[in-house]
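Computed from the coordinates by the stated procedures, all read-outs in this text should not be read as laboratory data. No experiment lies behind these values; they were computed from the predicted model shown. Methodologically, a virtual Cβ is constructed for each residue, glycine included, from the backbone with ideal geometry; neighbour enumeration extends over all protein chains shown.
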Amino acid sequence: MQRLAITSLALALTLVGGCGGGGGGGGGGASVQPASSVQAASIAPIALSAAAYVAIASSIDLFQVKAAQLALERSQNPANRAFAERMLSAHMGTSQQLNYAGRRLNLLPSATLDPQHQAMLDALAAASDFDNAYRAQENIVLEEGLKLHSSYAKSGGSPTLRPVAANAENVMRANLKALRGSQ
């Protein structure tokens, strides 16, 4: 009976979770919810909830940090190594900003990659031509991040997260320019 109640509650929270807009912010004893519990595999032109934005943005940041660390270990190209150092610094910063803002809304950024980013990181780790694979994946993820942050900065529902998204948009844009200029 207790198992059925827990399953029903989880299903109800899953259904309602995608409908919310702001993730709270003022409620008295609200518990902190991990943003990764929100299903958000793709970025559609529809408005994202604060929880979905935090989940996707935290996965992008975590991918960028882990890919940069891998590049510093495996890259033979000095330009890629320099770019990886830039990415590590930039995304540690955006991750800290997202963490701070998310906590203000009782949303914890995920400490794990979403399945798409995990698969990309696994493929990168196994790549025989690491340097080319790294650059190709960086291009994909930076464009994904640019679209996400740009969209949320313009029309996101959380006034707390919109400035974080605007800053991250600028970071993504600068990193994409650096990637394309450092070949």
Counting other C-beta atoms within 10 Å, which of L148, L72 has the fewest, and how do the rest follow? L72, L148
For every other residue with a beta carbon closer than 11 angstrom to the beta carbon of T160, add +1 if it is Lys or Arg and -1 if Asp or Glu, then tell me the sum. +3
Could you calculate, for the range 47-181, the ratio of the Cα radius of gyration to the Kirkwood radius, expressed as Rg to Rh? 0.97
Expressed as a whole number of Å, what is the distance separating the alpha-carbon centroids of the range 62-103 and the range 141-161? 19
Can you compute 3J(HN,Hα) from phi for each residue in the range 77-90, using the Karplus curve 6.51 cos²θ - 1.76 cosθ + 1.60 with θ = phi - 60°, rounded to whole Hz and x for Gly and Pro? 9, x, 5, 5, 5, 5, 5, 4, 4, 4, 5, 4, 5, 4
Chain lengthening between R173 and E73 when straightened (0.36 nm per residue, less Cα-Cα): 33.5 nm
To the nearest 20 debye, the range 47-181 has a Cα-centred charge dipole, built from +1 on Lys and Arg Cβ and -1 on Asp and Glu Cβ, of 480
Residue order, fewest to most surrounding Cβ atoms within 10 angstrom, among V164, V65, V54: V65, V164, V54
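Would you mind calculating the gained length between Y100 and N132 on full extension (0.36 nm times residue separation, minus the Cα-Cα distance), in nm to one decimal?
Length difference between fully extended and current span is 8.1 nm.
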Considering amide H positions built from the backbone, and no H for Pro or chain starts, which residues 5 or more places from L108, or on another chain, come under 5 Å of its amide H? Q33, A35
For E143 and E85 in the same chain, what is the full-extension length gain: residue separation times 0.36 nm, less their Cα-Cα distance, in nm? 19.0 nm
Ranked D122, D61, D129, criterion: other C-beta atoms within 10 Å, fewest first: D129, D122, D61
